[in-house]
Amino acid sequence: MLIDIDIGVTLKGEYLPPTITDPSERRVKIAVCLHPWSWLGGNMRDPVLDVLAKPLQAKGYHVFRYNSRGVGGSSGWPTLTGLTEGKDLEAVVDWSVRYVQSGSPSSTSNTTKISDVLIVGYSYGSLIATLFPSLPNTQIKTSHILISYPLGPRTYLTLFRSSTYTSKLRELLRSEHSNVLVVYGDGDEFTSAKSYESWGKELTELRKESDVHLSTEQGQEQRRLTLCFRPGASHFWRGRHGVWLAEAVGKWV
């Protein structure tokens with residue numbers, strides 16, 4: 001399928017409907033999946049995205065994945081900072097919502113109410129995922145899954161815009177509506193286990209500080225940050241590690 005996002009590019013995408021549906025279930029859920037770095041051949045048919053699609057479909061998600069600009073049938077050119085791809089993601093989410101609501105991306109009918117939007121980013125895709133903020137519509141639950149976040153090479157993957165992505169992730173974690181799952185392996189080829197461990201503690205402390213502030217100052221319910229690591233898993237989640245990843249994501253959603 002082609003996703004015309006009305007900001008100058010048309011993206012090649014794929015829609016995977018839920019494999020299990022419950023007629024009594026009123027929640028209509030959408031998941032948008034983001035692939036690894038296109039400059040190294042990343043695309044929507046990445047094996048890890050295949051692994052992730054199945055548990056999401058089984059949990060009733062309408063799954064969308066797409067080739068970012070300049071990749072495999074998508075128009076435009078990939079950028080070196082990824083910031084434009086973040087704008088593309090926002091447009092793709094809007095398009096996906098309309099598609100599920102009406103069965104046609106061109107319709108403006110709102111007969112179907114969307115309850116959940118899940119942004120799933122793997123590797124470089126997890127960087128782009130953090131650029132998507134929690135939706136201000138409190139009737140729609142916004143969640144993020146960040147898998148094998150490329151902490152080590154982040155500076156080079158974003159053309160030295162690492163601080164921008166750090167700020168965006170912090171903003172996401174501070175949001176009163178955010179819900180984030182971070183998954184990594186301690187055998188990752190691009191980020192050391194020690195770096196992930198320190199980073200995880202930093203994220204946890206940041207979330208705790210935000211939760212305390214919101215619960216005391218605004219009476220808000222505490223939000224969730226879930227960190228999961230798999231001993232021995234590499235960046236690529238092959239074999240039994242991929243099976244574990246699918247189970248972990250299936251349980252969390």
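Observations on the structure shown:
- Residue count for the range 221-237, restricted to those that are out of contact with any strand residue (DSSP E or B) (no Cβ under 8 Å at 6 or more places or on another chain) and touching a residue at least 40 places away in the same chain (Cβ under 8 Å): 1
- Test: Gly76 is touching a Leu at 6+ places or on another chain (Cβ under 9 Å) and at pLDDT below 95: yes
- Yes/no for Ser163 being in contact with a Gly (Cβ under 8 Å, 6 or more places away or on another chain) and either of a type in the set (D, E, K, R) or open to solvent by 10 Å² or more (accessible area, probe 1.4 Å) (or both): no
- Of all the listed residues (Thr158, Thr130), the sole one being in contact with a Lys or Arg (Cβ under 7 Å, 6 or more places away or on another chain) and touching a residue at least 40 places away in the same chain (Cβ under 8 Å) is Thr130.
Residue-by-condition table, conditions (1) part of a loop (DSSP other than H, G, I, E, B); (2) of a type outside the set (Phe, Trp, Tyr); (3) modelled with pLDDT of 95 or more; (4) closer than 26 Å to Pro150 by Cα:
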position	(1), (2), (3), (4)
Ile7	yes, yes, no, no
Thr21	yes, yes, no, no
Ala31	no, yes, yes, yes
Arg65	no, yes, yes, yes
Leu80	yes, yes, no, yes
Leu89	no, yes, yes, yes
Pro105	yes, yes, no, no
Thr108	yes, yes, no, no
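Results for (1) of a type in the set (Asp, Glu); (2) in contact (Cβ under 8 Å) with a residue 40 or more places away in the chain; (3) open to solvent by 10 Å² or more (accessible area, probe 1.4 Å); (4) closer than 30 Å to Arg154 by Cα, shown as yes or no for each residue.
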site: Ile3; (1), (2), (3), (4): no, yes, no, yes
site: Asp6; (1), (2), (3), (4): yes, yes, yes, yes
site: Thr10; (1), (2), (3), (4): no, yes, yes, yes
site: Thr21; (1), (2), (3), (4): no, no, yes, no
site: Val28; (1), (2), (3), (4): no, yes, yes, no
site: Cys33; (1), (2), (3), (4): no, yes, no, yes
site: Trp39; (1), (2), (3), (4): no, no, yes, yes
site: Arg65; (1), (2), (3), (4): no, yes, yes, yes
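- For beta carbons closer than 8 Å, sequence separation of 6+ or different chains, a first residue in the range 174-197 that is touching a residue at least 60 places away in the same chain (Cβ under 8 Å) and a second that is among the hydroxyl-bearing types (Ser, Thr, Tyr) and surrounded by fewer than 21 Cβ atoms within 10 Å (Cβ to Cβ), the qualifying pairs are Leu181/Ser143; Leu181/Thr226.
- Members of the range 82-99 found to be over 15 Å from the mean Cα position of the chain (by Cα), under 16 Å from Leu135 (Cα atoms) and open to solvent by 50 Å² or more (accessible area, probe 1.4 Å), listed by number: Arg98
- Extreme residue, least open to solvent (accessible area, probe 1.4 Å), among residues of the range 194-238 that are modelled with pLDDT of 80 or more and of a type in the set (Lys, Arg): Arg207
- Residue within the range 156-164 that is closer than 27 Å to Pro231 by Cβ and at pLDDT 95 or above present: no
- Filter result (part of a helix (DSSP H, G or I), out of contact with any Phe, Trp or Tyr (no Cβ under 7 Å at 6 or more places or on another chain), under 16 Å from Thr155 (Cα atoms) and of a type outside the set (S, T, N, Q)) within the range 187-204: Trp199
The values are calculated or read from the model by the stated rules, or taken from the named source; none is laboratory data. What you see is a predicted model, and the numbers here were worked out from it, not measured in a lab. When we count neighbours, we look across all protein chains shown, and the Cβ atoms used for this are built from the backbone with ideal geometry, even at glycine. SASA here: full protein model, heavy atoms, side chains in, ligands and nucleic acids out. Shrake-Rupley method; radii C 1.70, N 1.55, O 1.52, S 1.80 Å.
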